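What follows is a short report on a single structure.
The values are calculated or read from the model by the stated rules, or taken from the named source; none is laboratory data. Just so it is clear, the structure is predicted and the values come from calculations on it, not from any experiment. Glycine gets a Cβ as well: all are built from the backbone with ideal geometry, and neighbour counts include every protein chain shown.
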Amino acid sequence: MNWKIELIFIPVTDVDRAKAFYLKLGWRLDIDFEPAEGVRIVQFTPPGSGCSISFGKGVTPAQLNRAQLDALSWAESLVR
């Protein structure tokens, strides 16, 4: 059996900030919709990839630890 990862959910504290980050990287925006009040789902796919990421509001816990916040700040500094 050949297993493949097709979608990974990641927690974010600010959906618009995360969306801007992935747009700046040149990733394809697949979807950005609000199926219900308080719920928003955003999905991106990197160029040439068969795996996408998804994040949003009301879909995953958004509790990031200090190391995750530091990693996000570092990653954002790469595309400034």
Fill in the blank from the handout: Taking first residues from region 7-26 that are at negative phi and surrounded by 13 or more Cβ atoms within 10 Å (Cβ to Cβ) and second residues anywhere that are assigned to a helix (DSSP H, G or I) and modelled with pLDDT of 95 or more, the pairs with Cβ under 7 Å that are 6 or more apart or on different chains are VAL12/ALA18
Exercise for the section: Please identify the pairs in which a residue from region 28-48 that is hydroxyl-bearing (Ser, Thr, Tyr) has its Cβ atom under 9 Å from the Cβ atom of a residue that is at pLDDT below 95 and part of a strand (DSSP E or B), counting only partners at least 6 apart or on another chain. Expected result: THR45/SER52; THR45/ILE53
